[in-house]
Structure formats: structure tokens, C-alpha cells
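Read the structure below first, then the notes.
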Amino acid sequence: MKRLLLYFIITLAFSGCEDVIDVELEDPQPRLVVDALIRVNTELPSNRVSVRLAISSNFFEENTPVNDAEIRLSNLASDQQTTLNSDDNNGNYSAVVDTDILTDGVLELRVIYNGNLYTATNTFTPSTPINKLEQGDGELFGEDDIEIIIGYSDPGDQTNYYLIDYDQGEYFTQEDTFYQGQDFEFSYFHDSAKPGDTLEVFLMGANQELINYMDQVLTLSGEDGLTPFQTPVTAAKGNILGPENDFESYTLGYFAVVEAFSQTLVIE
Amino acid sequence: MRRFCLLLLFISGLPALLAQENFTISGEITESNGQESVIGASVLAQGTRLGTASNVYGFYSLTLPRGRYTLVFSALGFKSVSREIDLENNMRLDMQLEEDTELLDEVVVSEDAEQLEINRPQMSVNALRSATIKNIPVVLGESDVLRSIVLLPGVSNGGEGASGFNVRGGAADQNLILLDEAIIFNSSHLFGFFSVFNPDAIKDLKLFKGGIPARYGGRVSSVLDIYQKEGNKNDFKINGGIGVVASRLLVEGPISKGKSSFLLGGRSSYAQLFLPLLDINNVASFYDLNTKISYKPNQNNSFYFSGYFGRDRFTVEDSFINYYGNAVFNFRWNHLFSDKLFSNLSLIYSDYDYGLELDFVGFEWDSGIENMNLKYDLKYYLSNNFQFNFGLNNIYYTFNPGRITPNREDSGIVDAQLVKKYANEFAVYADIEQEITKNLSLQYGLRWSHFTRFGQEEYAVYDNDHPVLFDPELGIYTEAEAAAIIASDRSETLRTFMNFEPRISATFHWNEQNAIKASYMHVAQYLHLLSNTNSPTPLDVWTPSGPYIEPQLSDQFAVGYFREFGNRTYSLETEAFYKTINNRIDYIDGANLIAKEYIERVILNGEARAYGLELLLRKNTGNFKGWLSYTLSRSEQRTPGRGTTLLNGSPVEEPGINNGEWYFTPWDKTHDLSLYGGYQLNRKWNFNANFLYQTGQPTNYPVGQFEFQGLSVPYYGLRNEARLPDYHRLDLSVTLNPDKNLTRKWQGEWVFSIYNVYNRRNAASINFRRNSDSGTNEAVRTAIFGIVPSVTYNFNF
């Protein structure tokens, strides 16, 4: 919600004056990208854990999938290890893991690629069920936007952060500072959804580090609105440790294990 | 400190004590039409080189040896007046100057608010009169103070539609903006398209870019000192204008003829302003009110009550409402203790308010900053070559970072108040203008400032006093948890700061046409504007220095060569400056500043520096007037790490922000050129043109792209290494003064203008994103204004 404030103020006044231009970009230093946001449905006895590996690219090109790495997920408390297997030729790896293993204790992700070891650790972050998910008839940015109302009960005993995946590449971050322990609902205006689409919406738990990371990712990707004034750009450093210990050769991506409640909504 | 002042007084007072048989002539210079005081009018004893200029309240005081003189009173736009006087006693001489309406006549003046003061040490100052501001062609035909000053050398802004302005590489929060001596915290309407100053209500403005006299303090880069008109003391007058964006009306007149007057000005935009631009049902509007009452019961006292109230309102579909604005109330008392001692007491209340209602989330937001300001300034005209300014200033601030309340019953939002902050800023100063020899004059002074941050409901303390942590493994900065939250009372003091701020300027003029000037200043700034964008937004939060935030401290050196030629028709000003600023705040990557209770957890302490060359060539008189302004400069900042930390047992240097390297500030423009010309063809037609060329502002191009959770994410390397394309545009305007005006009381004029004549799409930003329809990545240029024709009708009667 905090981001929302700035977002509105700046974006609204200026949209009619954009055009696409040609910009020459230098070829980047290739970096490994570890996309490991693992969503856990705690109502199931086991979950399929998926991770994607790729090599970063020039902005105008596609990332190159990495299919020949070894990936292992370990629970450091119980010392249980699972190897993730390459699913396809698109850099995806997966395995089915017992839910108990995912929700209790420190989890470590180990990736061996080109003889180098990449690691990340995190612990499970719980979420809260979606009480309400419905389409509204309000509009804000234009007639094509779809209002989606989501409601949930915030647990009252601690600071909670949420990451909401509205499907079709739209995300929103939330912090419960101003609705601690309340039944809370708010509207999101979906940019891409069209009548007839079925959206699968995830309400995920998050910690502050993940929210900060997602805020950077969303700002950089332009998902939280383009502004005529540039906000400071970042290197989007995540929590993956690479083989070298210097600040220049960081690894991209993020490893987190979060509880995710989901519901589907058919857009009318 | 006290000893230092006395010493100054003593040393400098000597020459005056030795002088003999001097008498003082003093008085007020006003316009004959409405008795509006005239600022910067010159008073010269003909045949001598003795003279003075009226101060901002129109008062002058000149001390001369006994004798017979012819005094010449003059000011640009007024007919000069000479008076024979027999100076046998101290005497009072008020002078009324008649406006020079013969536009084609060559006006010969020796002093003017906009003209150079070769023999005065003050440098790095630009003045603009309301009439000049109104002639400069502007977008949508709304003449504007801030759009005008960015044409001057050393002044720029963050681009079209960016709020605020930048002086000599400084940030927008480093400008002290004074409206009738009251501090204005947000100078923009409509997110920066217009400034809050109604040009009809403004008499005069001065911008100090360096060599700032000791009577000003609290901002490190500049002072923009704006005075409103007092109101016509003789006749009832109305003037106004109808434009494409807004309309204005100003009413002024006497309350009691010759003694008191009032001024009431209003300006309002049309509500549906942006409707045609966008396909959504939104309303953006603004209005402001300027009021002033002047009362002059006798020669020695004047009272002024002035007020300003401005609001912006922006709504979308009733579910998003945003408003913000300044309210200022001001009482001033000018008192003459003697014909040599002028004083002004100001009591000022000012309030900046920002509010928001988001119905689709269910809350209202209210934040603001409130201050009570007391100023007492005295000017002692000890002798013709020695003037002594001294005074004090006390400001009490209340900062409300934000209060959130539910806006409807079914809202899940809980009423909450972010902790309010309280502070007091006190300063005393002494400042001396002294003519050492016929060719050398000095202005030197000292300001002592003291800042107290009072206790607040609660504040956080941290382990090792580090609210920001560094993770050496990942190479990122993160927020620390509070070691404890401490409650304190407003009567307690959390932290105090004090600074001595010396200022000195000198001019050496070997004749009446040529001068070399130099200045140094040290200035402290205790307030910071926390902004995570490259130019201010109304939502930005002013934060006082305190336990974890140090005051910004700036040193600036400037030297310049000044010349007048062609019988003072032309003036040339060239200056070089070098400026450093300590304790410039920078934000850690991913910092979220909005509604942040513990702002210290996302900021690091850095520094800034700027240096450059400025040139201003002006033609001040005649049918053709104008200027060429050019600045070559560089503005940078850096935030080094805080030392070494341990990584796997071995020490590593903390990298700071941007690897601790210098990077360009977002408003750095290597070359900045503007050319303005106005041509008065005849009584009927007046043509104006304006050309700007600027190096493109720094921007960022991604060093690569990665995919995460279905998002395409461009990522970046070092900051501000790329540039936007160069910015340039041409604006034209024509003013038509119809013949009918000659035969009637109603005076109307038409202003036709074209902004960006050759329709250049100047980039305000380049953003990198994935097109959601085509799924391909693209670079998107945002250009704010293409060609914009407009027409405005102005009238007065």
C-alpha cells in the first residue's frame, strides 16, 4: 500500500506522450539467474518444488536456459535432501517434497553449475487464507482495467508482509502496518486481464527482505508504473551466494519458501 | 561569538567616528500611482559618487557631509527626479516616482533592481521584475516565476514537469524560498507544471546563488526572496487574465487614502485540466489566494498583514483524492528608530499540508509541516560607507510524518499516527557592508545557528548506533532492528547542533564599469527533504536533523568579473564557483521512504560537490532587451562505505552506494544555454522569443536483463552513467495591445504564444520495460510537451 501512494501521484498525469525508441546497449557480463520462489500449499501432504535457472542477457534478448546444473534442496535441521531434476529444455527443475520438510527448519538450496557452487538459505514464511476474491465494477486508470477485490484476515501478533500474485505477470506487495490484526480488503486494478480469462491469484507470506527484493524487481520491470521521474535504479541483488566473495560478481535471483493460498477468479 | 561581534563593530566603527559634520537624509521611495514602495531605486548625489539604493521596503538612508546637493532618484520604468537640497540638518525626504509610460523612450537609469551593482560586494545574485517574468513565453501561456528563473545561469531543474529547481548543482530542497519573508515548503502546483507564485501579486524577486548574506540561513544552495505588492494606496484597481489553464484576478485599492491599502489576488485553474490528455475520469485543479493589508499610520511605522493560501486537488473517479498546499500568515512591522536605524519585525505562521484518500483501500492520509517563525532584522546606516545589518530568527517546527485513518466503516485500516517530530532553529547574525577605499568594498558577516531536536513520543536506538546494516556476503545494505524503543517527552532534548557560518564578499572596481568580485560562504541546513525520485513530489517528507541525521554543511567559493558597457545598456557577468556539501543523504537500494516510521534505517551519509562557470550577457534598455545565459558545470555526489567489516573472518571494505564512487546528480547538465529576447516594435506589438539548449540529464541504461517469476527485470550497474538526448526548444510569444486601449479606462492585451515551436520530443525519461501486448522488451521515451500553442487575455482597469 505504501508504494501505491507514490505510484498514483506520479503516473496518472503523464501517459499520453510515450514512444518507443532505439537504444544501443552494451553486452552484459553474463550472470546466473536462480528463480526459486517456492510456493507451498500447506493443505497438501506434499508439494512440487520448481526452480528455474538461466543466464542473464542483454535487455532486448532472451535469457539462455541452463539445463545441465545440479540442484539440491536440503532441510538443515532434519538433514533431509532432495535433488531437483531437469524437467525440460527450458531451465526448469523440479521434485516433489513432503510439506513438513518445507515448513520447518532452515532450508538450503545448492546449485552446482560449471563446477561452481551457488547457495542460498531461507526459512518458511507463513501466509493467511484468502477470505474473499471477487471482481468489482470500479475503474481507475481506464475502462480496460479490471477491479479485483481481495480480502484476508491479518494475524494480529506480528508484522506481516504479503506478496500477491494476480496472475499474468502482475504482483503487489503489502505490509500490515496500518491494518494490524484486522479483516482487510482492498482493490487492485488489473491491467492485462480480459473478460473470459481465469486468473489464479496467490496470497503469499513474505519477510521484509523478500518484500524489499520484490519491490526492486517490480520497480525495475515497470510493473509498479512508469514515471516521468526516474527512481534510483538498482542492481537487484538477491540472496544467492556465488562462488566468489566480491561485491561485483553477484548472482541474480532469489530463494524463498513461502506459504501460498490461492483462488481462481473468472473475469466477466 | 559576542566578543567577535563587538570586535567587528569596534574596528569597523572607527572611520565613522572620525567623520565630521555629517547629516542624514532618509525617506521612502514609492510609485506615484499607488504608493507601492520601490525596491532598489537609486539615490545619487549628483557630481559626487555618493549614493545608496532603497531596501526591500522602499526605505533609504544616505549620510552626507553638510552642503548643497542635487539628489537624483531613479529606477527602471520610472521617470528620474532631481531635487535640490540644503543639507543643514538631518532630514526626511519621501519621493514618489512616476511611471514612465512612453514605452519607446530610451529610459536612462543608473540603478535598477535587475541591473548590476558594480560597486557593491554582493555577487551571484539575479533579480527579476514582475514585468520581465510576464514577457517570457511559457508553456500554456501561464507566466511563471520558477519557469523564468531556470533561464538564468546556474539555475536548472529536473526537466519539464519536474517540481522545484536546482541552483549551482544543489538539490531542490536546498533552496530557501521566501514569500514576504515566510518559508514556502512546496513551490509547485500540478506536480511542477506551475509554481505557487501568482505573477500579478509579485513585485520583485531576488535569487542568491552564492555569497548569501548572513541574514539568510537554513538552506545551503540558494535563497529565492520574493516580495508581494502592497496594494494601491490611491486608487481602486482591478487586473486579471484569462488563460487556457487558469484565470487570475487581482483587486487592490486604498482603505484609507494614502495610509492604508489592501490587495486580494486569486488564481484558479479549470477543473477538467487533464481530461483531454487522458482517457480516464480525473480532475486536477489548483487555486491560490494572495492577500495583503498595508497600514502606515505615520512616517516611522508601517504594518503589513499578508496571507497566502494555495491548494492543489487531484481526484480520480472519486476513489482517489489527493490535495496539498501551503498556508502562510504573516505580520510585519517596519519601524524607524531613527533616520539611520531601520527595523523589521516579522511573525510568521506557515503550514504545508498533504492529504490523500484512497477509497479502494479504505483510508485517508494526512501529513504536514507547521512552523512558527519570528524574525527581527535591523539595518543601521552608520555612515555612507558603513552599513550594519543584524538580527535574530527563531523557528519552531512541528513535523507530522503522517496520520492514517479509515475512511469508511467497513475499512480494515486502523487509526494510526506516525510519531510527530519537533525542532527549534535559532540564529543570530551580524553583517557589515563597508567601503574600505574608493575601489574596494566588503560585505562580511557571521551567522550563528543552533538547532534543537526535541523529544518525541518514541524513538529507536540501535546496536553500535547503526540503524543500517551491511551484509558482506550478499553485498547489500539492510535495515537494522531497534535495540530498544525509548519514550521521551517534548521537554527533553534528543540532540542539538550549532554552527558558525561566516560569509564574506568583496568587490574591487577600478572604475564605474568594471569590477572583480569574490565571495565565500559557509551555510548549515538542518532540514532534509527525503525523496526517492529525482525531483521532488508533493508526497516527499521533510525531516529534521536529529540523533541519526546530521545537518548538511556547505562551503562555496565564487569569483567573478562584472562589466557594464554602452552607457549601461549592456552588462556582462561571469562567475566561477566551487561548492562542497557534507552530510548529503543517500538511500540504500530498494529503500521505501513513504510512510516510513524509522527513516534512519534506509539512509546513509554522503557528500556532494559542484563546480562551474556562468556567463550572463544582458541588454537592459531600449526597444530590444534580452539576455544570453550560459552555464558550464558539473554536479556530483557520493556515499562511501562506513569502514571495514568482516567477511569469513577477513576484513573487507564496505562499498557504500555506487561502490562509493562519485556519480552525477540527476540534474547535472554540462552545458546549459538560454537566449531570451523581447522586442517592442511599437505601442501595439511586443515580440518575445526564448531558446534553450541543454545537455541531456543523466539517466541509466540497463546492463542486463533477467527473468524472475514471469517478469522481465532489467538490472543496472553504476548510477547515472548514461545521458538522455540533448534538450532544446524554441518558444515565441506576441503581445497585442489594441488601439482601443488609448481611449478607454479598460486596458486589455492579448498574448499569443507557441511553446516548443519546432515540436521537438524532448525526453523527460527513458524507461525500459516489456510490452504487455507484444511480449517484447522495449525502450520507451516519455516526452511531456510537444508544440503547445496558447492564448491569454490580460486586463486591468
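Can you pull out the strands (runs of 3 or more DSSP E) entirely within the stretch B:455-496 that have at least 2 residues that are within 13 Å of chain A (Cβ to nearest Cβ) and closer than 30 Å to A:Gly253 by Cβ?
Because the criterion is at least 2 residues that are within 13 Å of chain A (Cβ to nearest Cβ) and closer than 30 Å to A:Gly253 by Cβ, the strands (runs of 3 or more DSSP E) in the stretch B:455-496 that meet it are B:468-471, B:476-479.
Starting from residues that are hydroxyl-bearing (Ser, Thr, Tyr) and in a strand (DSSP E or B), keep the ones in the stretch B:511-527 and report whichever is surrounded by the fewest Cβ atoms within 10 Å (Cβ to Cβ).
Among those residues, the one meeting the criterion is B:Tyr520.
Taking strands (runs of 3 or more DSSP E) that fall entirely within the stretch A:76-192, which contain at least 3 residues that are outside the structural domain of A:Tyr213 (by TED's automatic domain parsing)?
Passing ranges, in order: A:80-86, A:92-98, A:106-113, A:116-123.
Output the residue which, of all residues in the stretch B:410-424 that are more than 11 Å from chain A (Cβ to nearest Cβ) and part of a loop (DSSP other than H, G, I, E, B), is farthest from B:Tyr396 (Cα to Cα).
It comes out as B:Val419.
Suppose the filter is farther than 11 Å from B:Thr670 by Cα and outside any strand (DSSP E or B); does B:Gly641 pass it?
Yes, satisfied.
Only one of B:Ser195, B:Ser188, B:Ser148 is modelled with pLDDT under 90, touching a strand residue (DSSP E or B) at 6+ places or on another chain (Cβ under 7 Å) and within 14 Å of chain A (Cβ to nearest Cβ). Can you tell me which?
Within the list B:Ser195, B:Ser188, B:Ser148, the selection yields B:Ser188.
Would you point out the residue of the stretch B:429-445, among those that are part of a loop (DSSP other than H, G, I, E, B) and not hydroxyl-bearing (Ser, Thr, Tyr), that is surrounded by the fewest Cβ atoms within 10 Å (Cβ to Cβ)?
Top of the filtered list is B:Lys438.
Examine the stretch B:743-758 for a residue that is charged (D, E, K, R), away from chain A (no Cβ under 14 Å) and in contact (Cβ under 8 Å) with a residue 12 or more places away in the chain, and state whether such a residue exists.
The answer is yes; a qualifying residue exists.
Could you check the stretch B:767-779 and list, in sequence order, the residues that are surrounded by fewer than 17 Cβ atoms within 10 Å (Cβ to Cβ) and of a type outside the set (S, T, N, Q)?
B:Asp773, B:Gly775
Does the stretch B:690-698 contain at least one residue that is closer than 30 Å to B:Leu616 by Cβ, of a type outside the set (Gly, Ala, Ser), in contact (Cβ under 8 Å) with a residue 12 or more places away in the chain and within 14 Å of chain A (Cβ to nearest Cβ)?
For the stretch B:690-698, residues closer than 30 Å to B:Leu616 by Cβ, of a type outside the set (Gly, Ala, Ser), in contact (Cβ under 8 Å) with a residue 12 or more places away in the chain and within 14 Å of chain A (Cβ to nearest Cβ): present.
May I ask you to verify whether A:Asp191 is facing chain B (nearest Cβ under 10 Å), surrounded by fewer than 20 Cβ atoms within 10 Å (Cβ to Cβ) and at pLDDT 90 or above?
Here the answer is no, as A:Asp191 does not meet what is asked.
Determine which single condition A:Ser57 fails, assuming it passes every other condition in (1) within 14 Å of another protein chain (Cβ to nearest Cβ); (2) small (Gly, Ala, Ser); (3) closer than 30 Å to B:Phe360 by Cα.
(3)
So which residues in the stretch B:748-766 are of a type in the set (S, T, N, Q) and either in contact with a Lys or Arg (Cβ under 8 Å, 6 or more places away or on another chain) or crowded, with 22+ Cβ neighbours inside 10 Å (or both)?
Within the stretch B:748-766, B:Ser753, B:Asn756, B:Asn762, B:Ser765 meet the criteria.
Residues of the stretch B:780-793 being assigned to a strand (DSSP E or B), surrounded by fewer than 20 Cβ atoms within 10 Å (Cβ to Cβ) and touching a residue at least 40 places away in the same chain (Cβ under 8 Å), which ones?
Scanning the stretch B:780-793 gives B:Val788, B:Ser790, B:Val791, B:Tyr793.
Kindly provide the set of residues from the stretch A:120-149 that are crowded, with 19+ Cβ neighbours inside 10 Å and within 11 Å of another protein chain (Cβ to nearest Cβ), ordered by number.
Of everything in the stretch A:120-149, those that are crowded, with 19+ Cβ neighbours inside 10 Å and within 11 Å of another protein chain (Cβ to nearest Cβ) turn out to be A:Ala120, A:Leu140, A:Phe141, A:Ile148.
Within the stretch B:311-356, can you find the residues that are surrounded by 19 or more Cβ atoms within 10 Å (Cβ to Cβ), within 14 Å of another protein chain (Cβ to nearest Cβ) and among the polar types (S, T, N, Q)?
Within the stretch B:311-356, just B:Asn322 meets the criteria.
Report yes if some residue within the stretch B:570-578 is among the small types (Gly, Ala, Ser), within 14 Å of chain A (Cβ to nearest Cβ) and more than 24 Å from B:Gly368 (Cβ to Cβ); otherwise report no.
no
Could you count how many residues in the stretch B:143-172 are under 15 Å from B:Phe664 (Cβ atoms) and among the small types (Gly, Ala, Ser)?
Residues flagged as under 15 Å from B:Phe664 (Cβ atoms) and among the small types (Gly, Ala, Ser) within the stretch B:143-172 amount to 6.
Is there any pair with a first residue in the stretch B:42-60 that is in contact (Cβ under 8 Å) with a residue 24 or more places away in the chain and a second that is of a type in the set (Lys, Arg) and outside any strand (DSSP E or B) whose Cβ atoms are under 9 Å apart and which are 6 or more apart or on different chains, and what are they?
What qualifies is B:Arg49/B:Lys438; B:Ala53/B:Arg120.
Evaluate the stretch B:634-645: report whether one residue or more is buried (at least 20 other Cβ atoms within 10 Å of the Cβ), over 30 Å from B:Phe565 (Cβ atoms) and more than 13 Å from chain A (Cβ to nearest Cβ).
Yes: one or more hits.
Would you check which residues across the stretch B:58-84 are under 25 Å from B:Arg129 (Cβ atoms) and of a type in the set (A, V, I, L, M, F, W, C) and list them?
B:Phe59, B:Leu62, B:Leu71, B:Val72, B:Phe73, B:Ala75, B:Leu76, B:Phe78, B:Val81, listed by residue number.
To keep it simple, each residue is scored yes or no on (1) within 11 Å of chain B (Cβ to nearest Cβ); (2) buried (at least 18 other Cβ atoms within 10 Å of the Cβ); (3) of a type in the set (Lys, Arg).
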site: A:Arg31; (1), (2), (3): yes, yes, yes
site: A:Ser46; (1), (2), (3): no, no, no
site: A:Glu70; (1), (2), (3): no, no, no
site: A:Thr99; (1), (2), (3): no, no, no
site: A:Leu102; (1), (2), (3): no, yes, no
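Could you list, in sequence order, all residues of the stretch B:187-220 that are over 20 Å from B:Pro121 (Cβ atoms) and part of a loop (DSSP other than H, G, I, E, B)?
Passing the criteria: B:Ser187, B:Phe193, B:Val196, B:Phe197, B:Asn198, B:Gly218, B:Arg219, B:Val220.
Taking strands (runs of 3 or more DSSP E) that fall entirely within the stretch B:676-755, which contain at least 3 residues that are at pLDDT 90 or above and in contact with a Gly (Cβ under 8 Å, 6 or more places away or on another chain)?
So the answer is B:685-694, B:711-715.
In the list B:Leu604, B:Leu613, which residue meets the criterion of being away from every other protein chain (no Cβ under 14 Å) and part of a strand (DSSP E or B)?
Criteria check complete, one pass: B:Leu613.
The values are calculated or read from the model by the stated rules, or taken from the named source; none is laboratory data. Remember, it's a predicted structure, so these values are computed and weren't measured experimentally. Cβ coordinates were reconstructed from backbone atoms using ideal geometry, including for glycine residues, and neighbour counts include every protein chain displayed.
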